[in-house]
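Here's the structure, in structure tokens; my notes come after.
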Amino acid sequence: MIEEIRIGQLGVIDSSVLELGPGLTAITGETGAGKTMVVTALGLLLGGRADTGAVRSGAKQARVEGVVSAVDLPDLADAVDRAGGEVEDDRVVLARNVSAEGRSRAFVGGASVPVATLAEVAQPLVAVHGQSDQHRLLQARAQRDALDRFGGAKLAKLLTAYTETYGRLQAVQRELDEVTSSARERAREADLLRFGLGEVEAVSPESGEDVTLAAEESRLGFADTLRTAAEQAREALSSEEGAPDALTAVSAARGLLDGVREHDAEAGELADRIAEITYLLSDLAADVASYATRVDTDPSRLAAVSERRAALTALTRKYGDTVDEVLAWAEESARRLLDLDSTDERIDQLRTERDELRARLGGQAGALSLARAAAAKRLGGDVTAELTQLAMPHATVEIAVRQSEGDLPVGDRSLRYGSSGVDEVEFLLAANIGADARPLQRRALAGDAGAGGLARRDRHGADVRFRRGRRRCGWCGSGRGRAAPGPAGAERAGAGGHAPPAGGGVRRPPCARGEVE
């Protein structure tokens, strides 16, 4: 329920706070006190059309806020969440700003939203009753919802089953449309993946191969330089031509210390260490000589390695920085290609599921429509009986449940369908004997729609009222000066069925005076 309404700079109201509570709240005041502005403010909160003329003179904008309790209103909390707002302490703040320039802004739970969203959230909270003002009941959706609630648990169960199937059907149809519409793009992607995988398969790289070949190509490319360096190093370590070398120098050093070993033990230890170096140099010289002999110039092998590296480089330019990354791309692309190649199979699966869901939905729609038709007959009778008790003995209410042609097979028909079924529900009211039952929103008398929704009593008031340009009796509503049976005990004066005017006295009613057509 709405607990509080704050109004600022609206019409004659500068600033006002209206606190509401359970039960009846009556707002009274003299003409011009601002009663209409309260209703205008409520209309703005309900998403009604903004009128810049309602902004207080001299003010930049009018603002209306409503504090709504969300306790026991889970649908309200869900609607606020969908709108992007927040529910704090089980309360929601709805707001509407209307600037003097004509701009209008709406807010739900602190989030700025379109006015239509505000209306969607707020309208279910309020029912406005008045002269031609039973707005909620005039809406086709509200009429259908009222019938569904009257139908009870059985109808609610049918509606829930239909809604679930409808939601699944919509999801399947969206996926099918997406897969079908993107078939060309998926085919193009599959072709590119096949081409790439073909290139990788043709080269057939191995993990780490690019690093190994890079090292081999460098060694083959500089074979002469490497061999020359190795031979010179071997000559420096151990010369075969008698030139000074490291091994000779170290051997001479060892001989010098060995010659004085007996005079000092430490000199002997140093000589032993030099001996170890001699052995190491000898082994090292042999290894360098062996390396020099292994370094051969092999132009054919160098060409093969270069060609292989070029093939690997072509892959790394497209599919990864290294061969390992290329292999990872190939593995992932193979999985993606399997998914793309299964598109046709997926389309067939979705179409099969869609057809099954449509068949199920058609059956559920038929059962729901039958339940609504039965509930409509009962509801029409109940409302008609209520109107009879409210001094409208000749008024009748009918609830029409119709369908329109569409593409959903339901029995032997193809009907248009939506999230609530295939039915179009419309409340029809015949206010008098012989009158055609017409939709509430098309009733000529302003009070008739309110009577259908509020079952309000239409009392005799003014002397004369107008309908479709004809003068009619305000006492009995007739258009001719005919006597009509009056209520038991009523005083009769000049014409039957008319109570004397307020204040006493005897006066002929307008219909008897010939003042109506």
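The values are calculated or read from the model by the stated rules, or taken from the named source; none is laboratory data. Everything numeric here is computed off the predicted structure, so don't read it as measured data. So basically every Cβ, Gly included, is an ideal-geometry build from the backbone, and we count neighbours across all protein chains shown.
Below is a table of values for the structure above.
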{"read-out": "Options ALA253, ALA223; residue that is of a type in the set (Gly, Ala, Ser), surrounded by 11 or more Cβ atoms within 10 Å (Cβ to Cβ) and at pLDDT 80 or above", "value": "ALA253"}
{"read-out": "Test result for LEU213, assigned to a helix (DSSP H, G or I), in contact with a Lys or Arg (Cβ under 6 Å, 6 or more places away or on another chain) and crowded, with 16+ Cβ neighbours inside 10 Å", "value": "yes"}
{"read-out": "Single residue of LEU213, LEU247 found to be within 30 Å of THR322 (Cα to Cα) and touching a helix residue (DSSP H, G or I) at 6+ places or on another chain (Cβ under 7 Å)", "value": "LEU213"}
{"read-out": "Criterion violated by ALA243 - all others in (1) assigned to a helix (DSSP H, G or I); (2) surrounded by fewer than 17 Cβ atoms within 10 Å (Cβ to Cβ) satisfied", "value": "(1)"}
{"read-out": "Test result for ARG335, surrounded by 13 or more Cβ atoms within 10 Å (Cβ to Cβ), of a type in the set (Lys, Arg) and assigned to a helix (DSSP H, G or I)", "value": "no"}
{"read-out": "Qualifying residue in the range 279-301 (condition: farther than 27 Å from SER182 by Cα, modelled with pLDDT of 90 or more and β-branched (Val, Ile, Thr))", "value": "no"}
{"read-out": "When residues of the range 374-427 are limited to those that are acidic (Asp, Glu) and over 13 Å from ASP148 (Cα atoms), the one farthest from the chain's Cα centre (by Cα)", "value": "GLU386"}
{"read-out": "Selection within the range 64-87 - assigned to a strand (DSSP E or B) and crowded, with 20+ Cβ neighbours inside 10 Å", "value": "VAL64, GLY66, VAL68"}
{"read-out": "Single match in GLY29, GLY102, GLY43 (criterion: out of contact with any helix residue (DSSP H, G or I) (no Cβ under 7 Å at 6 or more places or on another chain) and not in a strand (DSSP E or B))", "value": "GLY43"}
{"read-out": "The range 178-198, residues that are modelled with pLDDT of 90 or more and crowded, with 16+ Cβ neighbours inside 10 Å", "value": "LEU193, GLY196, LEU197"}
{"read-out": "Lone unmet requirement of (1) surrounded by fewer than 16 Cβ atoms within 10 Å (Cβ to Cβ); (2) in contact with a helix residue (DSSP H, G or I) (Cβ under 9 Å, 6 or more places away or on another chain) for LEU24", "value": "(2)"}
{"read-out": "The range 293-318, subset among the acidic types (Asp, Glu) and under 19 Å from ALA230 (Cβ atoms), residue nearest to the chain's Cα centre (by Cα)", "value": "ASP298"}
{"read-out": "Scope the range 108-123; condition at pLDDT 90 or above and surrounded by 19 or more Cβ atoms within 10 Å (Cβ to Cβ); matching residues", "value": "VAL108, GLY109, VAL113, THR117, LEU118, VAL121"}
{"read-out": "Candidate set from the range 86-105 (those that are farther than 12 Å from GLY47 by Cα and basic (Lys, Arg)); member that is modelled with the highest pLDDT", "value": "ARG91"}
{"read-out": "Matching residues in the range 423-438 - criterion: being closer than 13 Å to ARG402 by Cα and either touching a Phe, Trp or Tyr at 6+ places or on another chain (Cβ under 9 Å) or acidic (Asp, Glu) (or both)", "value": "ASP423, GLU424, GLU426"}
{"read-out": "Number of the exception - GLY196 against (1) outside any helix (DSSP H, G or I); (2) within 30 Å of LEU337 (Cβ to Cβ)", "value": "(1)"}
{"read-out": "Residue match in the range 239-247 (condition: polar (S, T, N, Q), modelled with pLDDT of 80 or more, more than 60 Å from the chain's Cα centre (by Cα) and on the phi < 0 side of the Ramachandran plot)", "value": "no"}
